[in-house]
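The values are calculated or read from the model by the stated rules, or taken from the named source; none is laboratory data. These numbers come from a predicted model, not from an experiment. Quick reminder, even Gly has a Cβ in these numbers, built from the backbone with ideal geometry, and neighbours come from all protein chains shown. Areas reflect the complete protein model, heavy atoms only, side chains present, ligands, DNA and RNA absent. Shrake-Rupley method; radii C 1.70, N 1.55, O 1.52, S 1.80 Å.
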Amino acid sequence: TTLPADFLSQRPALTEVLDAMRERAMIPEPRDYRSWKRQIAEMEQAANSGHYEATWTLPGGQTYRVTGRPHPNGALALMIEDISTEITRTRRYRADLELGQAVIDALDEAIVVFSPAGMLVMSNAAYRRLWGEDPATMVDPAGGQAALLCNFWRDRSAPSALWDRAEDFIGALGPRPGWTDSFHLSDGT
């Protein structure tokens, strides 16, 4: 917190500690100081009952996870953990996922991607246009998402052994040779 030891050794009240942290831009800047003081009182009450946890995002880009717990003799323990790196990684990961999604959405071919375990990872806009359904909304409680999707495809296309082959391919473990096939939708497309 960069608070001096002599200040902390005086056993300041929570509001004094948070005011000192505020002066050092170590807590989020409140828009309304009165409501901020009320939130401090609520935080102290919640922490005393063992239920306070918050994420503080600071103007300088740092992010803290703050956890409050009761401590013996009526004291309050606040753990302030710098999670800036974790948050940055999470944001970067999400940005990478969004970029990957944007790239496959730009393709004209319908694409659906499965994990090695046979779970749906992503699909593109062309897939959703072709089938009229977002496969991410199709969930099988038993975990057989590949079988569920293959049955969905079977129901909307002319009879073909393609879907059995696709189901086997998705469910197979290890390296698999690529293959190509074609099918007709029920409407003749």
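In order along segment 117-122, phi translates into HN-Hα couplings of 7, x, 9, 4, 9, 6 Hz, rounded to whole numbers, per the Karplus curve 6.51 cos²θ - 1.76 cosθ + 1.60 with θ = phi - 60° and x for Gly and Pro. What segment 1-133 shows is 67 Å² of accessible area per residue, with the surface traced by a 1.4 Å probe over protein heavy atoms.
Computed over every Cα-Cα pair of segment 31-122 and binned at 5 Å starting from 0, the pair-distance distribution P(r) comes out as 3, 11, 12, 14, 13, 10, 9, 9, 8, 7, 4, 1, 0, 0 percent. Across the chain, Cα-Cα distances exceeding 21 Å account for 67% of all pairs. Report the FRET efficiency, 1/(1 + (r/R0)^6), for Leu58 and Arg94, where r is their Cβ-Cβ distance and R0 is 22 Å, rounded to 0.05. That pair, Leu58 with Arg94, gives E of 0.65. Heavy atoms of the protein chains alone define the surface here; on that basis segment 144-189 has 64 Å² accessible area per residue at 1.4 Å probe size.
Can you list residues whose amide H is under 5 Å from Tyr52's amide H, if they're 5+ apart or on another chain and H is modeled 1.01 Å from N? For Tyr52, the qualifying residues are Ala47, Gly68. Normalising by the residue count of the chain, find the relative contact order in percent from Cα pairs under 8 Å and 6+ residues apart. Averaging sequence separation for qualifying contacts and normalising by length gives 10 percent for the chain. By the combined test of axial Cα extent (at least 27 Å) and Kyte-Doolittle hydropathy (mean at least -1.0), the qualifying DSSP H helices of the chain come to 84-105.
The accessible surface of segment 1-146, taken with every protein chain in place and a 1.4 Å probe, is 52 percent carbon and sulfur. Over 14 Å, how big is the tail of the calculated P(r) for segment 1-81, in percent of all Cα pairs? Above the 14 Å cut-off, segment 1-81 has 65 percent of its Cα pairs.
In the chain, the DSSP-assigned H stretches of four residues or longer account for a calculated mean residue ellipticity at 222 nm of -13000 deg cm²/dmol, using -39500 (n - 2.57) per stretch and the full residue count as denominator.
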